[in-house]
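One structure is given here, and the rest of the page talks about it.
The values are calculated or read from the model by the stated rules, or taken from the named source; none is laboratory data. Keep in mind that what you see is a predicted model, and the values were worked out from it rather than measured. Positions of Cβ are generated from backbone atoms using ideal geometry, with glycine treated the same way; all protein chains shown enter the neighbour counts.
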Amino acid sequence: MERERISVLYAEDDVLSAMLCKDFLEFQGYRVFYVRDGEMAWRLYRKINPDVVLLDIMMPKKNGYEVARLIRAENQNVPILFISALASSVDVVTGLDIGADDYIRKEFLLEEVDARIRAALRRQQRWTKSSQVFRIGEYCLFSYVEQHLVIANEKIHLTPMEAKILYLLCEHMNEVVLKEDMIKELWKNDFSGNTRYLDKYMMSIRKILEKDPSVRITTIPRKGYCLVW
């Protein structure tokens, strides 16, 4: 997708910081729609249907988490990137659990925002092509598009990140998927602690798959994971 055609919804209540970022992105060719609070962000999102969403978290009226949840309830594919001064691992995991594609900590380089947007759009193009339904156990079916598992006729919804991780494992059923390759595919950044984030999601997926004893995720020490059936 050419930058000149990419529309960005940008919500940030710090006007000075926002204008610097907005001007830079427009100079790069993006069409940027800027708002100062979460309520305006949600209204404008529904009006313009942007290609990318950039959200601060600590905003008036609706915070960034609330806006992201509303967007994800309607659209599982549009890239959402948080830009926030909240920098703890809890904040990052909360954002990713909601369905954000990336989390950029302030202070950031403007060139980094451009790079993260482009990376998120590349990932989106791959995931939106992932329409296959996988049988991954005697009683278990997985649909990435619907982002759920069906185990013995019980439908279990996954978070967007859980669905992406399981899709990567399904693509390489009974093969080892390296941790570093998964992190690069999922985030394409240098999060300190990104291995911990991956481990957390893997624990959650394992707990769900316990409902079908014929399938399991095996940890290969110092290498990665293998979905075994």
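Across segment 209-218, what is the total count of residues that are closer than 12 Å to N174 by Cα and surrounded by fewer than 15 Cβ atoms within 10 Å (Cβ to Cβ)?
Residues that pass the stated criteria total 2.
Tell me, which residue of segment 158-176 that is surrounded by fewer than 20 Cβ atoms within 10 Å (Cβ to Cβ) and β-branched (V, I, T) is nearest to C140 (Cα to Cα)?
The qualifying residue nearest to C140 (Cα to Cα) is T159.
Might you let me know whether segment 54-61 holds any residue that is farther than 23 Å from L109 by Cα and either surrounded by fewer than 19 Cβ atoms within 10 Å (Cβ to Cβ) or not acidic (D, E) (or both)?
Yes, the conditions are met somewhere in segment 54-61.
Of everything in segment 121-151, what is part of a helix (DSSP H, G or I) and at pLDDT below 85? Give them in sequence order.
R122, R123, Q124, Q125, R126, W127
Which of (1) β-branched (V, I, T); (2) under 30 Å from L109 (Cα atoms); (3) not in a helix (DSSP H, G or I) does I217 not meet, given it meets every other one?
(2)
Only one of these is among the small types (G, A, S), assigned to a loop (DSSP other than H, G, I, E, B) and either farther than 22 Å from Q124 by Cβ or without any contact (Cβ under 8 Å) to a residue 24 or more places away in the chain (or both): A100, A73, A87. Name it.
Only one candidate qualifies: A87.
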